[in-house]
Amino acid sequence: MRKTLGWLLSLVVLIGTMGAAGFTAQAATAAGPAAATDATAGTTTDIKDQILSIPGMSLIEEKPYPGYRFFVLNYEQPVDHRAPWRGTFKQRLTLLHKDVSRPTVFYTSGYNVNTNPRRSEPTTIVDGNQVSLEYRFFTPSRPDPANWANLDIWQAASDQHRIFTALKKIYKKNWLATGGSKGGMTATYFERFYPRDMDGVVAYVAPNDVVNNEDSAYDRFFTKVGTKECRDKLNAVQREALVRRDPLEVKYAAAAAENGWTFTTVGNLDKAYEAVVLDYVWAFWQYSLLSDCASIPVAATASDQEIWDTVDTISGFSAYADQGLETYTPYYYQAGTQLGSPDIKQPHLGNLSRYGYQPPRSFVPRDIPMTFQPGAMKDVDNWVKHHANQMLFVYGQNDPWGAEPFHLGYGVHDSYVMIAPGANHGANVAKLQDGEKALATAKILQWAGVAPAAALADSAKAAPLAKPDARLDQRDIEREPMLRP
């Protein structure tokens, strides 16, 4: 097992809390998916009771799902892990329980948690359990009162570490961290700060904005992505949406009145309109494929309604209204304090843009203070480049966020960066070229400790262990503006 010393250190912490659970690891493993035997009392303890015996853990609800137990839970966390006496808050998580004898995948989206049963790709590959965590400060997992200084990548990694430490006494087998986009970033930061916790990391489409004010990689990306025909078509629509700003803003005002949208945070409707339009090209490549370019209208002959419809479909006119921004305030706060954000040039717009790419500060209420910390991403990038151990980064060839990826240098061990050809922000292992797909699958199985002998001998024979499940395996993709990975 990877990082044996780390497990021994963790066990020292766990010994003091295992009495409340009243069972042994061996007995729990032998008991199957729903219960474990208490070796001291000779009784069977339901998995729900084991979970709820963890101090600070409480049940919101259990939802039935064939072959699994699915729990929606709260876990009491320190507001500040450096000063736990300063108060606590309840952080929401879910647990898709398969069997304590199976490995466990720790999934993070970096945003809210989905409270319906879902299974990430690594969970399907290893046929395991899955813990899914809501990121701190996304409601309802927000301290009250909220001291926004406690929202940073180390505090979030410490949330994961504390939950892992609590659940490891039940789920003894190997653990993998995973997530897509901001979730992939979150899984990477967790590994950077707590490198002894996980047995492997699978980070999907994780941006790595090392130097916030140097974004030329994105500009280069947009000069070569897809085909020139498609690029020109998208650029023309985006330009036309600014040329027709006056009539289209009349539509926007009507939509705002109908839906109750307000624009206090961004400043006014005009700023919101331009922010949506400037997202258009980026958002297309983030969530669409080259083949979708056929559905884009020809700008020169398109009606106002056609321009409106394509921008609304791809960028979303609700995105920069107060009501659209509110959910994502924690993300914009982090983008403006640690994560960084793109600032790309779009020369085809000429002087039609009045504001340019507005920074994250424009999308966070003014009563929340923000100061950027330029060393945060440099630290993570340097650590990954030189210390990555059993980490896999997967990117999509046509995904703008992949323009600034993580890189691996000397000193890394058993770690990989792979690119899915033609893929967008939904890139995954299944979309890799055959040789890389087999290698990635084999590594995930190996890191989880469940690789069949055939896969260990020949990665070409590696395949997911769980049967496909259309409901469990669906990916919930939110329509997000460009600034949100």
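The values are calculated or read from the model by the stated rules, or taken from the named source; none is laboratory data. Just so you know, these numbers come straight off a predicted model, no measurement behind them. Note: ideal-geometry Cβ built from the backbone for every residue, glycine included; neighbour counts use all protein chains shown. Surface areas here come from the heavy atoms of the whole protein model, side chains and all, with no ligands, DNA or RNA. Shrake-Rupley method; radii C 1.70, N 1.55, O 1.52, S 1.80 Å.
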Cut-off under 5 Å, modelled amide H: who pairs with Gly200 long-range:
Ala177
Among Asn268, Pro207, Pro145, whose Cα projects farthest towards the positive end of the dipole of region 134-277, with charges put on the beta-carbon of Lys, Arg (+1) and Asp, Glu (-1)?
Pro207
Starting from the Cα of Asp469, step 7 Å toward the Cβ, then list every residue of region 114-151 with an amide N under 18 Å from that point.
114-133
Longest exposed-loop-site-free stretch of the chain, with GluC sites (Glu not before Pro), DSSP loop and at most 13 other Cβ within 10 Å?
215-477
Please identify the trypsin sites (Lys or Arg not before Pro) of region 197-233 that satisfy two criteria: DSSP loop assignment and at most 13 other Cβ atoms within 10 Å. Which are they?
Lys224
Which length gain, in nm to one decimal place, applies between Leu59 and Val250 when the Cα-Cα distance is subtracted from 0.36 nm times their residue separation?
64.0 nm
What ranking of His387, His161 comes out by heavy-atom accessible area, probe 1.4 Å, highest first?
His387, His161
1.4 Å probe accessible area per residue over region 165-215, in Å²
20 Å²
Using unit Cβ charges (K, R positive; D, E negative) and no other charged atoms, how large, in debye to the nearest 20, is the dipole of region 104-206 about its Cα centre?
220 debye
Cα shape, region 378-485, gyration tensor, a/c 1.5 rule
oblate
Sparsely packed trypsin sites (Lys or Arg not before Pro) within region 41-120, loop by DSSP, other Cβ within 10 Å at most 16
Arg82
Within the chain, helix-based [θ] at 222 nm, where runs of 4 or more DSSP H residues each add -39,500 (n - 2.57), nearest 500
-10000 deg cm²/dmol
Shape of region 251-336, Cα gyration tensor, a/c cut at 1.5:
oblate
Peptides 421-427, 143-149 ordered by average Cβ neighbours within 10 Å, highest first
421-427, 143-149
Evaluated at q = 0.09 Å⁻¹: base-10 log I(q)/I(0), Debye formula over Cα of the chain:
-0.64
Extreme residue, positive dipole direction of the chain, given options Thr104, Pro400, Pro247 (C-beta unit charges)
Thr104
Give, in nm to one decimal, the length gained when the segment between Arg366 and Thr262 is fully stretched (0.36 nm per residue of separation minus the Cα-Cα distance).
35.9 nm
Can you list the trypsin sites (Lys or Arg not before Pro) in region 250-352 that are in a DSSP coil and have 13 or fewer other beta carbons within 10 angstrom?
Lys345
With an 8 Å cut-off on Cα pairs and a minimum separation of 6 or more residues, tell me the relative contact order of the chain in percent.
16 percent
Where a ≥ b ≥ c are the square roots of the eigenvalues of the C-alpha gyration tensor, would you call region 262-392 rounded, which needs a/c under 1.5, or, failing that, prolate if a/b is larger than b/c, or oblate?
oblate
With 0.36 nm assigned to each residue of separation and the Cα-Cα distance removed, Asp379 to Tyr410 gains 9.5 nm
